[in-house]
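Written below as structure tokens is the structure these notes are about.
The values are calculated or read from the model by the stated rules, or taken from the named source; none is laboratory data. Quick caveat, the model's predicted, so the values are computed rather than measured. Here Cβ is always computed from backbone atoms with ideal geometry, including for glycine, and neighbour counts include all displayed protein chains. Areas reflect the complete protein model, heavy atoms only, side chains present, ligands, DNA and RNA absent. Shrake-Rupley method; radii C 1.70, N 1.55, O 1.52, S 1.80 Å.
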Amino acid sequence: MRHTTNGVGLSQKVLVISDQSGFSRDLFARWQMQPHLPEFTALSSDLWHGATSSPFDVAVAGDIRPERIPDVLKQLNRGLAPSVYLAAMGEQIHGLRRDYPRVVVIPHHDAWLDTLVLVTEEILKRAEISARIEHIEHNARTSQSQATLGKYMVEMRHGFNNALTSVLGNAELLLLESATLNPGMREQLETLHSMTLRMHEMMQRFTSLELEMQCAEKSARSQEKTADSISYAVRA
């Protein structure tokens, strides 16, 4: 059994909020039957109230003391991460869903544990897909930026090469008339000729950069297509 990851190599995290240890124990035991196991953190409603900044991918709440239920649901409804709440016996499901629309409310029935695990797993899958899309889009933007920079440098290469060719040609012509040059001027001209050759050789390396730029552009387009197909699958 392996841990569930969020699409970029990090384990997904489930926060369990309950005032009864049996709730967390039953949830952990049931999840052992699933092919993927996330990381769990179990807190009471009092402890969680002071740890709202702890990062997690989904929160699961159940078996909470009656006086703490409204505050817990308000916190979950305001949070950025998705959350699931197992309603207590006798609670009005429609009222809870109306008052806390961002919380997935599951009624308390005989198969509540299976339903809770399956719903939470589905939320984790969607979170993994979203993280993967974000990662792909980030890589695509980075590749595009690198391709733009490479394109600019390749375009500059042509103009620079023309200037170098002109300098190199004139230096070679002057060196052919070495008899008319004094030793100091000839030495300076030979240095200019040598440095121009070195710069010309360096500019030739931009040919490989052009090929790398083309590969980066193809990679960016491929990643954009992958992100679009994943986004379409999620919407479907």
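I'd like the residue in region 69-118 that is hydrophobic (A, V, I, L, M, F, W, C) and part of a loop (DSSP other than H, G, I, E, B) and, out of all such residues, is modelled with the highest pLDDT.
Ala87
Which one is farthest from Ile64 (Cα to Cα) among residues in region 23-39 that are within 24 Å of the chain's Cα centre (by Cα) and either open to solvent by less than 60 Å² (accessible area, probe 1.4 Å) or modelled with pLDDT of 90 or more (or both)?
Checked region 23-39; the qualifying residue farthest from Ile64 (Cα to Cα) is Leu37.
One line per residue, one yes/no per condition, for (1) touching a helix residue (DSSP H, G or I) at 6+ places or on another chain (Cβ under 9 Å); (2) in contact (Cβ under 8 Å) with a residue 40 or more places away in the chain:
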{"position": "Arg68", "(1), (2)": "yes, yes"}
{"position": "Val72", "(1), (2)": "yes, yes"}
{"position": "Gln75", "(1), (2)": "yes, no"}
{"position": "Val84", "(1), (2)": "yes, no"}
{"position": "Ala88", "(1), (2)": "yes, no"}
{"position": "His94", "(1), (2)": "no, no"}
{"position": "Tyr100", "(1), (2)": "yes, no"}
{"position": "Val104", "(1), (2)": "yes, no"}
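Going through Leu124, Leu116 one at a time, which residue ends up being surrounded by 16 or more Cβ atoms within 10 Å (Cβ to Cβ) and either under 20 Å from the mean Cα position of the chain (by Cα) or without any contact (Cβ under 8 Å) to a residue 40 or more places away in the chain (or both)?
Criteria check complete, one pass: Leu124.
What are the residues in region 54-87 that are in contact with a His (Cβ under 9 Å, 6 or more places away or on another chain) and surrounded by 15 or more Cβ atoms within 10 Å (Cβ to Cβ), if any?
Gly62, Arg68, Val72, Gln75, Leu86, Ala87
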